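See structure below.
The values are calculated or read from the model by the stated rules, or taken from the named source; none is laboratory data. If you're wondering where the values come from, they're calculated on a predicted model, not measured in any experiment. Every residue, glycine as well, gets a Cβ built from its backbone with ideal geometry; the counts of neighbours run over all protein chains shown.
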Amino acid sequence: MPIHRFGVVVVFLSGVLWAAAASAQQTSGIAGVVKDSSGGVLPGVTVEAASPALIEKVRTATSDGEGRYNIVDLQPGTYTIAFTLTGFSTFKRDGVTLTSGFTATVDAQMSVGALEESVTVSGASPLVDTQNVRKQLVATSDLLSALPTSSKQIYTLVTLTPGYTGVTDVGGQYLFEAGAYHGKRGTKVSFNGMGVENSSGNSSYQINAATVDEMVLQTSGISAEVNADGPVMNVVPKQGGNTFQTILSGLYSNHSMESDNLTGDLRARGLNAANKRVKIFDEAASLGGPIKKDKLWFFGAYRTWGMAKQYAGVFWNQTQDQALTPPGATLRVVPWTPWVDRPTDVYSGRWESYDSQSGRLTWQAAAKHKIDFFIDHQIGCNCGSTSAVGSQEAGGGTGQYKFEPNRFVQLTYNSPLTSRLLLEAAYGASISQWNQLWQPGVQPNVASVTDVGLGITYGASAAYRGRPDFTNRQTQRFSATYVTGAHTFKTGIQTEQLATDQFIFANANMSYTFRGGVPISLTQRTTPYLELDRGHDLGIYAQDQWKLKRLTLTLGLRFDRFVGFDPAQNLPGSPDSNFDRSYAGVQTAPTFANQWIGPHSFGQVDDIPNWKDLNPRLGGSYDLFGDGRTALKVSLGRYVAKTNVDVSQLLNPINTSVNAAARAWTDLNGNFVPDCDLGNFAQNGECGALNNQFFGKTNPNAISWADAVRRGWGVRDSNWDFSTEIQHELRRGLSLSGGWDHNTAGYFRNTDSKNRVTDNVLVTSADFDPYCVTAPSDPRLPGSGGYQLCGMSDVKPAKFGQVQQVVQPTSTFGKNTRYNDFITLGLDARLGHGTRLGGGFDTGRSVNDTCFAVDAPGYYGFTTFGALTFGPQTSTTINGKSVCRIVTPFKGQTQVKLNGSLPLLAGFVVSGVYQDISGPPIEATWAALNSAIAPSLGRNLAGNATFANVPLIAPQTLFEGRIRRLDMRVTKIFQVTKRVKFQANLDAYNTLNSSAVQTIQTTFGPNWLSPTTILDPRILQLSGQLSF
């Protein structure tokens, strides 16, 4: 059956089953053994778990022949467990608190007596999960409210988790993706167990913190239910209940509450200006309760939040309304005048804001049938440039866009048909329409100018995408769970449909390049056009959790299949009906239609890619002493790389065509108008010949993928993850853990692969000549420089410019070995009077071995190690040391992260979060002149190149200073009445006003090692929450 028809069938079947993805992998449980007073096991005991968290109030199980019982699919909350059996007194255990994904061991010892006689035992909830092997961190709503977490977002989990790289922004600034955890990237973000990411794999939809009950991060031991590779972040949402509850919250900061941490040392290193926060705000209101008690409940939340930040060196153009061109010119060239004294307001720099309106209905249709519907409608703006290489007006086509709108929809069905059989089904959709920003001052006739002398683009962006710019993901999921005392067997199916529709256009379909204000070239484009990309993701799994006395085994197998394709496309295509709302006047401009390229079409392209994988997931957890306080855990699993429509975009026939070509432009009369016939691609008038004869046609030199990497079994990048951990509860409320994690990750999506390499099939290693060059003498370099850089490569002149790139299997040329080994120590202390402390220590070592040659035997076309463009090679050495095997040492990956809270007298609470992580690696890319290379090479560089980039420092050997940040909060709690509580907070982020360096200049020269970003300075923040 063709994959497209198969996907339709799966969608239909899932729809029949109320298809939507329940958060089964995050639900909690209670399990244990029931015995009599002599120690004999008791079968047939009725076990009831009751909690306000359960809309159905009570969940029931029966102990089996070995006295075991197992209750699954419980919501986070506090439970009372009752054990009843004729001839025995009722046994109750109170106050068992479950967090998401935690299975609490609750054993019972029953005494002979009448049922009406009751024995109730109270005590602290268990801290050690002796059943599940997954490693996770749970941030409850109480914890998030207690700690200084500012504008709460899903990446707050990065701040709290030892081993996660990166420092999150206090204002909650949008992140493309969190950093890496133990070398693993490709983080997946879910809401109620369903992915919120768009078809590109990014989180367009932003979590509304007012809807959050808990946030959970799984890092290893992830079960077969999840198509994860890296960490999995999941939000457990709030829902209505039988009592009404209202929560109002808000926070505020502005530039007057911010300090200055630009020190003299930083200025001496070349950093003369730092980013400044203008405003941070967050306002939310939520209300939940019954529409009909015990039958129908609602929960609604409205939230508006955001931040404004002025980035150093980013300016509006003060002369955007002026013109250097004569009246009537096709494109108006504006003069560039940075508006350095513009009054500071929220629009001075980067402005990010979101408005979210969400609602949930929960219906107990019958005693064993529950249906839940959720919708969130968001309007947002990530507006303003973050980089000094573009003016505010011209930055709109790069990192600036509006969400118009984001919608996230879920429909879930849950049915515990019997005490043993549980059915779950659901449907979800992440609808993301984001349009690149058309800034004030930009009009259809304003030219995009890149001045290579000034290092800035101004006027307008070179191109825009929007209306449509849909990046949608739809998900369906169904599962069935069968539970006995010793087994929890689960099987299910998941399917996702990914769709990207993006309309690309440019002002007059061209842009200009100047040097020092003088035109030197122009670029013509094939815009406008509508690009379509598609993907189908299918997962089928089965797993069993099997209890053998103290040992719990988790045995799972998952089948994954991803198919990408591009439907037939007729160009130029049309924008949607709302195009003029975002880009007024563009469609009616005389230059909107392309004057050089006529209508054309492309047929459907399939199997880009078509990947299939079988992924075992195995684990074991052993209750070491049988008392539920010490667990030894081991897990091993295979996980495939996070994949979206990136491959189908890369191989889309639109993108394998030549869509832009440049030509020289000599502005002889100085009127800033290219006085030539642009439809004549040969030299004429002021314009040189177009530099690509295939402009507007299929590019014969476009990169292609061999069949061996486009389709097949085991072709997709994958990671074997082995983890072992011991958890021990020292005493009630205090537990320690320690573990070792080994994995073979280190790749990133489909841009940095260990299974694929790019091969220029027109050259071999014999077509390159080696050379050495002496490093500059400089006291900033190791040993003050002057050492040899050898084994670099330059293509022979006869082969220069011959390029035909084919993506091939790495195994054709060698083996790319990547692995990571990390050690983690953790602490979870829940002490008396509400005092708590959590966090831990994490350190590791990573290896990336690319000691094989594809084309050049040494580095050729090198840029930086950080850009991952260095490629496989065998011959390059720096000061005699080979650099084909890159080892990131422990000192480059050591972290300490702690968080805690301490109640004081009179309702005051002090809390804090501390992060201590390794600084960034130091690199140095040197533009070695031809005159320094030629003596060793025996000739000049090919293609008359004047220089070649050369690395001066072996990668991952030198590092900046450590990054340390302490955030503090003082809270005052006012208990107005039994039900009314107000919490007032004063936060100080970066309390010690650290100016730790986060990124540095890596190009060797006078500004090498100059900091480019540092920690944001200390800022105070006021916040409060009223609940009743």
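For the criterion of being surrounded by fewer than 21 Cβ atoms within 10 Å (Cβ to Cβ), more than 28 Å from the chain's Cα centre (by Cα) and either closer than 21 Å to T591 by Cβ or touching a residue at least 12 places away in the same chain (Cβ under 8 Å) (or both), G441 passes. Among the residues making up the range 391-424, those that are over 25 Å from the mean Cα position of the chain (by Cα), of a type in the set (G, A, S) and either more than 17 Å from T27 (Cα to Cα) or not assigned by TED's automatic domain parsing to the domain that holds S461 (or both) are S391, A394. If you check A224, A210, A273, A268 for being out of contact with any Asp or Glu (no Cβ under 9 Å at 6 or more places or on another chain), farther than 27 Å from D469 by Cα, in the same structural domain as R716 (by TED's automatic domain parsing) and at pLDDT 90 or above, only one passes: A268. Looking only at the range 447-458, count how many residues are surrounded by 23 or more Cβ atoms within 10 Å (Cβ to Cβ) and more than 32 Å from the chain's Cα centre (by Cα). The qualifying residues number 2. For the range 41-82, a tally of residues being farther than 20 Å from L548 by Cβ and of a type in the set (G, A, S) returns 7. The strands (runs of 3 or more DSSP E) found wholly in the range 272-366 and carrying at least 3 residues that are of a type in the set (S, T, N, Q) occupy 350-366. Residues in the range 57-86 that are part of a strand (DSSP E or B) and among the β-branched types (V, I, T): V58, T60, T62, I71, V72, T78, T80, I81, T84. When the range 268-279 is filtered for residues that are of a type in the set (A, V, I, L, M, F, W, C) and surrounded by fewer than 17 Cβ atoms within 10 Å (Cβ to Cβ), the ones remaining, listed by number, are A268, A273.
Of all the listed residues (L992, L958), the sole one being aliphatic (A, V, I, L, M), without any contact (Cβ under 8 Å) to a residue 40 or more places away in the chain and more than 18 Å from C772 (Cα to Cα) is L992.
Within the range 62-86, if we keep just the residues that are among the aromatic types (F, W, Y) and within 18 Å of T484 (Cβ to Cβ), the residue that is surrounded by the most Cβ atoms within 10 Å (Cβ to Cβ) turns out to be Y69.
Annotation note: of S141, S100, S111, the sole residue that is farther than 29 Å from Y413 by Cα, touching a residue at least 40 places away in the same chain (Cβ under 8 Å) and touching a strand residue (DSSP E or B) at 6+ places or on another chain (Cβ under 7 Å) is S111. Per the conditions (1) within 30 Å of I917 (Cβ to Cβ); (2) in contact with a Cys (Cβ under 9 Å, 6 or more places away or on another chain); (3) touching a residue at least 60 places away in the same chain (Cβ under 8 Å), the sole criterion not satisfied by Q893 is (2). Of all residues in the range 988-1002, those that are assigned to a strand (DSSP E or B) and either exposed (fewer than 15 other Cβ atoms within 10 Å of the Cβ) or hydrophobic (A, V, I, L, M, F, W, C) (or both) total 4.
Within the range 966-987, identify whether any single residue is farther than 30 Å from S249 by Cα and outside any loop (DSSP other than H, G, I, E, B), and answer yes or no.
Checked against the condition, which is being farther than 30 Å from S249 by Cα and outside any loop (DSSP other than H, G, I, E, B), the range 966-987 yields no hits at all.
Scanning the range 782-811 for residues that are loosely packed, with under 14 Cβ neighbours inside 10 Å and in a helix (DSSP H, G or I) yields G783, S784, A798, S811. Scanning the range 80-92 for residues that are in contact with a Gly (Cβ under 8 Å, 6 or more places away or on another chain) and under 25 Å from A367 (Cα atoms) yields T80, L85. Go over the candidates L144, L157, L137 one by one and state the one that is in a helix (DSSP H, G or I) and either assigned by TED's automatic domain parsing to the domain that holds T78 or in contact with a helix residue (DSSP H, G or I) (Cβ under 8 Å, 6 or more places away or on another chain) (or both). Criteria check complete, one pass: L144. Look through the range 34-51, keep the residues that are under 41 Å from the mean Cα position of the chain (by Cα) and assigned to a strand (DSSP E or B), and return whichever of them is farthest from G87 (Cα to Cα). The residue in question is A50. For Y541, indicate whether it is modelled with pLDDT of 95 or more, touching a Lys or Arg at 6+ places or on another chain (Cβ under 8 Å) and among the hydroxyl-bearing types (S, T, Y). Against the criterion (modelled with pLDDT of 95 or more, touching a Lys or Arg at 6+ places or on another chain (Cβ under 8 Å) and among the hydroxyl-bearing types (S, T, Y)), Y541 qualifies.
Look through the range 764-775, keep the residues that are assigned to a strand (DSSP E or B) and out of contact with any Cys (no Cβ under 6 Å at 6 or more places or on another chain), and return whichever of them is surrounded by the fewest Cβ atoms within 10 Å (Cβ to Cβ).
Narrowing the range 764-775 to residues assigned to a strand (DSSP E or B): 768-774.
From what is left, the residues that are out of contact with any Cys (no Cβ under 6 Å at 6 or more places or on another chain) are 768-771, 773-774.
Details: F768: 22, D769: 19, P770: 17, Y771: 24, V773: 20, T774: 15.
Among those residues, the one meeting the criterion is T774.
Does any residue of the range 725-738 turn out to be touching a helix residue (DSSP H, G or I) at 6+ places or on another chain (Cβ under 8 Å) and at negative phi? Checked the range 725-738: no residue is touching a helix residue (DSSP H, G or I) at 6+ places or on another chain (Cβ under 8 Å) and at negative phi.
With respect to (1) over 30 Å from S141 (Cα atoms); (2) more than 26 Å from the chain's Cα centre (by Cα); (3) outside any strand (DSSP E or B); (4) not hydroxyl-bearing (S, T, Y), the lone exception for N949 is condition (3). Restricting attention to the range 367-387, the residues that are buried (at least 16 other Cβ atoms within 10 Å of the Cβ) and not in a strand (DSSP E or B) total 3.
Residues that are within 21 Å of P935 (Cβ to Cβ), out of contact with any Lys or Arg (no Cβ under 6 Å at 6 or more places or on another chain) and not in a helix (DSSP H, G or I): does the range 756-763 have at least one? No; the residues of the range 756-763 include none that is within 21 Å of P935 (Cβ to Cβ), out of contact with any Lys or Arg (no Cβ under 6 Å at 6 or more places or on another chain) and not in a helix (DSSP H, G or I).
One residue stands out in the range 9-58 among those that are at pLDDT 85 or above and hydroxyl-bearing (S, T, Y): the one that is nearest to S479 (Cα to Cα), namely S28. Has the range 833-854 got any residue that is in a helix (DSSP H, G or I), among the β-branched types (V, I, T), over 22 Å from G938 (Cβ atoms) and assigned by TED's automatic domain parsing to the domain that holds I1000? Looking for residues that are in a helix (DSSP H, G or I), among the β-branched types (V, I, T), over 22 Å from G938 (Cβ atoms) and assigned by TED's automatic domain parsing to the domain that holds I1000, one finds none in the range 833-854, hence no. Set side by side, the residues F478, F470 differ, and just one is aromatic (F, W, Y), part of a strand (DSSP E or B) and crowded, with 22+ Cβ neighbours inside 10 Å, which is F478. Here F478 fits the description: at pLDDT 95 or above and over 28 Å from Y529 (Cα atoms).
Report yes if A708 is of a type outside the set (S, T, Y), touching a residue at least 24 places away in the same chain (Cβ under 8 Å) and on the phi < 0 side of the Ramachandran plot, otherwise no.
yes
Comparison of D282, D265 shows that the only residue that is surrounded by fewer than 14 Cβ atoms within 10 Å (Cβ to Cβ) and farther than 30 Å from A367 by Cα is D265.
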